[in-house]
Amino acid sequence: MRIPLGSPLQLLLLVCSFALAGYAGVRLLAGDWFGVALWFVGAAVLHDLVLLPLYAAADRALVKTAGRHVLYVRVPAAFSLLLLLVWFPLISGQVADRYARATGLSPDGFLARWLLVTAVLFGGSAVVFVVRRRRATKQRPPAVH
Amino acid sequence: MVRGPVDGVARAYRRDMARSPFAPSFWRSPLRGPWLTSVLGIVLLGGITLLFVTGLLSYAAYNPDLAPVNDKTPDKGVLGFYLFSWPTDPHWLYRLDQGVHVTLGITLIPVLLAKLWSVVPKLFTLPPARSLAHALERISLLLLVGGALFEFVTGVLNVQLDYLFPGSFYPLHFYGAWVFFTAFVAHAVLKTPLALRNLRRLREPREEQSELVSPDPAEPTVSRRGALWFVGGGSLLLFLTTAGQSFDGFLRRTALLAPHGGAEPGSGPGGFQINKTAAYAGIDPAETGEEAWRLVVTGRDGRTVRLGRAELLRLPLHSSALPIACVEGWSTSDQWWRGVRLRDLAALVGYEDDPPDVFVESLQRHGAFRRAALRSNQVADPRSLLALFVNGEDLTPDHGHPARIIVPAAPGVLNTKWVARLTFGDL
């Protein structure tokens with residue numbers, strides 16, 4: 001069986017990119033090659049096969065529970081989890097000791113501030129929900145008996 | 001009509017296939033489509049290009065080609081092709097460059113996640129490769145996705161001092177950036193024309209024939225524009241809770257979760273952000289006292305002078321207003337430093353009119369930058385000081401007492417604290 005080549009321009013471009021990636025990659029892997037390769041490939045695998053299915057499943061479950069009001073929960077929950085994902089080392093306190101010794105700053109506020117931001121996000125969402133529902137009830141013509 | 005066993009098997013097969021991510025009908029979000037992917041792609045094209053350029057500039061700011069002590073990537077080869085003498089003007093150059101690099105990187109995280117989500121069905125394409133070019137493109141996508149996540153994760157961990165990654169940050173983030181960027185350029189060349197065509201044709205985010213569009217879409221819970229607002233909102237939230245760490249006062253307090261947001265470390269003249277405290281750097285107070293501490297300055301033909309603090313104070317003192325800007329993305333506003341000009345110290349040891357490079361050594365016991373080199377243009381700048389005072393008072397131990405380097409536009413770690421020895425001469 002003959003394997004089709006595909007676009008020659010695309011082939012040239014990709015081989016050129018691989019050659020350069022190889023040049024940098026040899027240097028990237030010069031130390032702990034296994035650890036680096038594990039991080040490089042592991043990041044893609046963890047994201048595509050663990051993180052993404054997890055949040056997609058959580059969102060599906062949320063849609064089932066909250067129905068057409070899902071956005072009022074989805075938006076604050078996603079934003080709160082996004083902050084937790086990015087600042088997890090500080091919020092969880094796993095670097096608290098090094099952080100305090102190196103910077104002279106208190107490591108204690110991060111969890112509290114994240115919880116407060118989360119409260120504001122959900123509280124704000126609740127306010128929007130109530131305001132919109134009130135407006136909707138006012139605009140609806142009175143029921144005829 | 002009687003349903004035969006074959007019929008049942010076929011139905012069961014179809015049902016099972018729909019449960020497998022390799023079936024197009026497995027992916028049911030009505031949001032996926034060329035419009036959303038193209039918009040996110042174009043944002044990342046601009047954003048990641050800017051990240052790469054600011055990153056390369058930040059790397060050049062260390063003057064890695066000046067001396068081995070500045071160079072954490074001695075095997076860089078042609079990857080350092082663009083290096084140049086880092087200037088001292090404008091004095092906020094590094095502050096701006098690295099602030100943009102880190103703040104923009106954090107702001108782009110939701111866009112990156114959304115982009116990866118929008119194209120995830122393509123990961124499960126069957127057949128795995130239609131042609132050799134397609135097979136290579138898919139391998140290239142592993143470098144693209146793995147590289148993007150590797151760069152973002154190492155960066156985000158490093159600014160939080162969480163050194164989990166397998167090696168030193170500088171070589172990992174620098175070489176990783178090049179691997180990622182080669183795949184990024186190939187991807188951009190192959191896809192940008194298509195993305196721009198999609199955006200021109202689909203001014204409105206309508207459905208369109210594409211492998212990204214679900215053949216069996218679920219009931220929409222949000223419009224495509226709504227989804228874009230959602231991603232933008234996440235970016236805005238990260239931006240608003242991070243950007244403040246590049247400023248002082250009220251703005252720093254708005255950086256609610258960034259490592260150098262919140263309150264300043266203490267009050268008074270020395271109450272501004274610290275990269276590494278004296279205790280963390282292993283500075284022994286016995287070595288920095290008036291009696292013990294001597295600055296050793298060596299110059300032309302090995303000419304050496306030893307200066308105590310009192311002798312330094314008898315030299316002409318000058319002031320300059322300069323910031324501290326860290327590779328971690330935070331910075332302070334201009335502080336008022338006062339001390340002896342580096343070029344005056346060079347003149348003391350035989351370099352009257354031609355300030356050369358200088359090799360700076362700290363009392364620090366450990367730390368990658370306890371020794372650092374500055375280039376002649378940095379030594380010659382009249383604002384470059386061996387500072388003894390900040391904001392009108394003696395330096396505090398955490399800001400480098402008894403003496404520290406301060407150079408306009410240089411990365412924070414090249415402003416060596418607790419200086420013990422200066423060796424002038426061409427490096």
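At a 1.4 Å probe radius, which order do B:360, A:131, B:156, A:26 fall into by accessible area, largest first? Don't jump to the answer; show the numbers that get you there.
Working: B:360 0, A:131 65, B:156 25, A:26 100 Å².
Ranked list, largest accessible area first: A:26, A:131, B:156, B:360.
Need one number for segment A:3-145: average projected area of the convex hull over its C-alpha atoms, nm². Kindly include the intermediate steps, with their values, before the conclusion.
Values: hull surface 72.7 nm².
For segment A:3-145, averaging the hull's shadow over all directions gives 18.2 nm².
Roll a 1.4 angstrom probe over the protein heavy atoms and tell me the percent of accessible area of chain B that is carbon or sulfur.
On the way: 11260 of 18080 Å².
Summing carbon and sulfur atoms, their accessible area is 62 percent of the total for chain B.
What is the percent of Cα-Cα separations in segment B:240-327 that go past 18 Å?
65 percent
If you take all C-alpha pairs in segment B:285-424, what percent of them are over 18 Å apart? Let's see the in-between values first.
On the way: 4898 of 9730 pairs.
Roughly 50 percent, rounded to a whole number.
Straight-line reach from residue B:115: which lysines have a Cα under 17 Å away, not including same-chain ones fewer than 8 places off?
Within reach: B:191.
Would you calculate, for chain A, the mean residue ellipticity at 222 nm contributed by helices, counting each DSSP H stretch of 4 or more residues as -39,500 (n - 2.57) and dividing by all residues, to the nearest 500? Numbers along the way, then the final one.
Values: 7 runs with 111 residues, N = 145.
Calculated from helices alone, the mean residue ellipticity at 222 nm is -25500 deg cm²/dmol.
I need the semi-axes of the equivalent ellipsoid of segment B:199-284: take the C-alpha gyration tensor, multiply each eigenvalue by 5, square-root it, list largest first in whole angstrom.
48, 14, 11
Whats the longest run of chain B with zero GluC sites (Glu not before Pro) that are DSSP loop and have at most 16 other Cβ atoms within 10 Å?
Working: sites that count: B:207, B:208, B:211, B:290, B:291, B:352.
Between exposed loop sites, the widest span is B:1-206.
Towards the positive end of the charge dipole of segment B:208-356, with charges on Cβ (+1 Lys, Arg; -1 Asp, Glu), say which of B:342, B:260, B:282 has the farthest Cα.
B:342
In segment B:297-359, which trypsin sites (Lys or Arg not before Pro) are in a loop and have at most 13 other Cβ atoms within 10 Å, using DSSP for the loop call? Please list the in-between numbers first.
Details: sites: B:300, B:303, B:306, B:309, B:314, B:338, B:341, B:343; in loops: B:303.
Passing sites in segment B:297-359 are B:303.
Below 8 Å, C-alpha to C-alpha, sequence gap of six or more: please give me the relative contact order for segment B:18-240 in percent.
Numbers: 205 pairs, mean separation 95.8, N = 223.
Once divided by the residue count of segment B:18-240, the mean separation gives 43 percent.
Leaving out ligands, DNA and RNA, calculate the buried accessible area for the pair B and A with a 1.4 Å probe, summed over both sides, in Å² to the nearest 100.
5900 Å²
Mean separation of Cα pairs under 8 Å and 6+ residues apart, divided by the residue count of chain B: what relative contact order is that in percent?
About 20 percent, as a whole number.
Binning at 10 angstrom from zero up to the longest distance, how are the C-alpha pair distances of the protein assembly as shown distributed in percent?
Binned Cα distances yield the sequence 3, 15, 23, 22, 16, 11, 6, 3, 1, 0, 0.
Over segment B:152-263, what per residue volume does the convex hull of the Cα atoms give, in whole Å³? Before the final figure, lay out the partial values.
On the way: hull volume 21.4 nm³, N = 112.
With only Cα atoms used, segment B:152-263 gives 191 Å³ per residue.
In terms of solvent-accessible area of protein heavy atoms at a 1.4 angstrom probe, what is the ranking of B:42, B:48, highest value first? Walk me through the numbers on the way to the answer.
Working: B:42 50, B:48 10 Å².
Order by accessible area, largest first: B:42, B:48.
So what is the diffusion coefficient of segment B:67-131 in µm² per second by Stokes-Einstein at 4 °C and 1.567 mPa s, using a Kirkwood Rh over Cα pairs? Walk me through the numbers before you get to the answer.
Numbers: Rh = 16.5 Å.
The diffusion coefficient I find is 78 µm²/s.
In percent, what relative contact order does segment A:31-139 have, based on Cα pairs under 8 Å that are 6 or more apart in sequence?
Working: 43 pairs, mean separation 25.6, N = 109.
Relative CO of segment A:31-139 lands at 23 percent.
How large is the accessible surface per residue of chain A, computed with a 1.4 Å probe and reported in Å² as a whole number?
Averaged over the residues of chain A, the accessible area is 64 Å².
For all pairs of alpha-carbon atoms in chain B, what percent lies in each bin of width 10 Å, listed from the first bin to the last filled one?
4, 18, 25, 19, 13, 10, 6, 3, 1, 1, 0
So, with +1 on the Cβ of K and R and -1 on the Cβ of D and E, and no other charges, what is the size of the charge dipole of chain B about its Cα centre, to the nearest 20 debye? Write down the numbers at each step before the final one.
On the way: 42 positive and 37 negative charges, 368 e Å.
Charge dipole, chain B, about its Cα centre: 1760 debye, nearest 20.
How big is D for segment B:18-240, in µm² s⁻¹ as a whole number, if Stokes-Einstein is applied with the Kirkwood radius of its Cα pairs at 37 °C and 0.692 mPa s? Can you show the working numbers first?
Values: Rh = 19.5 Å.
Here the translational diffusion coefficient equals 169 µm²/s.
Which of the chymotrypsin sites (Phe, Trp or Tyr not before Pro) across segment A:38-115 are loop residues per DSSP, with 13 or fewer other Cβ within 10 Å? The partial results should precede the final answer.
On the way: sites: A:39, A:40, A:55, A:72, A:79, A:87, A:99, A:110, A:114; in loops: A:87.
Counting only loop positions with at most 13 other Cβ atoms within 10 Å, none of the chymotrypsin sites (Phe, Trp or Tyr not before Pro) in segment A:38-115 qualifies.
On a straight-distance basis, which lysines could pair with residue B:276 in a cross-link, Cα separation under 27 angstrom, same-chain partners fewer than 8 positions away excluded?
Partners found: B:72, B:417.
So which trypsin sites (Lys or Arg not before Pro) in segment B:146-244 end up in coil per DSSP with only 16 or fewer other C-beta atoms within 10 Å? All intermediate terms of the calculation are to be shown ahead of the outcome.
Details: sites: B:191, B:197, B:200, B:201, B:203, B:206, B:224, B:225; in loops: B:203, B:206.
Passing both the DSSP loop test and the Cβ count: B:203, B:206.
The values are calculated or read from the model by the stated rules, or taken from the named source; none is laboratory data. From a predicted model like this one, the values you see are computed outputs, not experimental measurements. Because the Cβ atoms are built from the backbone with ideal geometry, glycine has one as well, and the counts that use them run over all protein chains shown. Areas reflect the complete protein model, heavy atoms only, side chains present, ligands, DNA and RNA absent. Shrake-Rupley method; radii C 1.70, N 1.55, O 1.52, S 1.80 Å.
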